[in-house]
1. Note down the nm distance, to one decimal, between modelled labels 7 Å out along Cα→Cβ at Ala390 and at Thr131.
2. Take Ala311 and Arg32, extend 7 Å from each Cα along the Cα→Cβ direction, and tell me the distance between the two endpoints in nm.
3. Give me the angle, in degrees from 0 to 90, between the Cα long axis of helix 154-177 and the longest principal axis of the Cα atoms of the chain, rounded to the nearest 10.
4. Rounded to the nearest 0.05, what FRET efficiency do Arg327 and Asp378 give with R0 = 22 Å and r taken as the Cβ-Cβ distance? Could you check?
5. How much of the pair distance distribution for the range 224-279 lies past 18 Å, counting alpha-carbon pairs only, in percent?
6. Pairwise over distinct Cα atoms, reciprocal of the mean inverse distance: report the Kirkwood radius of the range 290-407 in Å, one decimal place.
7. Could you go through the range 351-357 in sequence order and give the Karplus-derived ³J(HN,Hα) for each residue, using 6.51 cos²θ - 1.76 cosθ + 1.60 with θ = phi - 60°, rounded to whole Hz, and x for Gly and Pro?
8. I need the peptides 286-294, 8-16, 134-142 ranked by packing, meaning the mean over residues of other C-beta atoms within 10 angstrom, with the highest value on top.
Amino acid sequence: MAERGLTQDELAAQMNAALLEITGRLGDVSARTVRNLVNGATRRPIGRTRVALERVFGCPIADLGFASPATTAPSEEPVLRRSFCTATTGVVLGSVPGVAGRRSVGTSDVLRLRDGMAKLTALDQSRGGHTALERAALAGAAEAIGLQQAAASQTVCQRLLSVAAHYTASAAWSCIDARQLDRARVHLGEALRMAGMAQDSTALLRIWNSTAMLAHQRHEYGEGIAASQAAQATSAARRNPLYSSLAHARTAIGHASRGDRQPALRSLGYAQTALAKTDQSAPRPAWISFYGPAELAALTAIVRELLDEPAHAEAASHHALTALPVRLRRNRSMTTVRLAAAQLHQGEVEQACATTSEAFELMAGDPLPGRLRTMLGDFHRTLFTVAPSARAAREWADQHRTQWSTT
């Protein structure tokens, strides 16, 4: 536990998640179960507890200092385990205020989990979706579900379900960005179930928004439009013009993907009108902190590109890049590649190649997210279709092909 930085609640959550993976049903391991394991009250874990421990730590329970179910319990705890527990239990418990002796779960737990979710969002906005981010989000969801079983009130219980839904939506989004589309669909289904039980309209909107993005990547444009319209219909979108704007922008992309110009531009207009009514200084959840005039300009560039209007797409991309915050490194990189694509479609081969180089520079030090890598692949194919013999095209391929295809 010390090596992994786990509190008793967190280990319980990971054990429950392991049982969900193994049996298809969430476990009922509690902090008290873990406390009994740590203080020696339970010396021979059996059944689901043993299986969960072995899955979480990746070793037999004997290696953790416990007696095997097939052997006689020792008269004295192994020296190594006794010394380890004595030295570290106080440190682990002391790292999270109130864990020792806490009898119920309350608002402070909800706030702590929300803080953790904000950190994952910041990581996503900088680096993009990746496996470690997905796993961390799922661990957060499992912890929220585990704590829910000891919630002090129905209100806290619903809030924990809401947090779990948002964490699972974060895992789904990480998969979408990494182009792990089948896993994303599974996570979105689970997130939708939890958001419904939590009666959280904002979580539902977020999930429908991600569902629309997933459908676009799978070229299921009818489903994408239906999902974005479901987002528009949520009470969160009806109450908050910021959410409404995002949902309409996503609908515009769905229409543009099918070549329906007028519905696409009409939805863009609705998105712009709603955004104009938004108080940009008002606090907002971390997951939607990316959205504002700059991001709407970036989404407008997508719509114009899909409608085969490269000059308009280029202008919108320039507009987005002048205002997108530096911290949104992944979004800036994708908008940069989109700008290059618009330039390429207008015959500006050398300029387009130079522009894509900026995207690589923006993401220097981290692997390229799957969506960005796919966009660069599309650019590469278009480049050699438009200008197969151009010197700039050959130089671009020589300089970037290895970096793009292996990161």
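Coordinate-derived values only; no laboratory data. Being a predicted model, the structure only gives us computed values, none of them experimental. Please note: Cβ atoms are built from the backbone with ideal geometry, for glycine as well, and neighbour counts cover all protein chains shown.
1. Taking the simple label geometry, Ala390 and Thr131 are separated by 3.7 nm.
2. Placing both labels 7 Å along Cα→Cβ, they lie 7.3 nm apart.
3. Taking the Cα atoms of the chain, the angle to 154-177 is about 50 degrees.
4. 0.25
5. Pairs farther apart than 18 Å: 25 percent.
6. 14.1 Å
7. 5, 4, 5, 5, 5, 5, 4
8. Top of the packing list down: 8-16, 134-142, 286-294.
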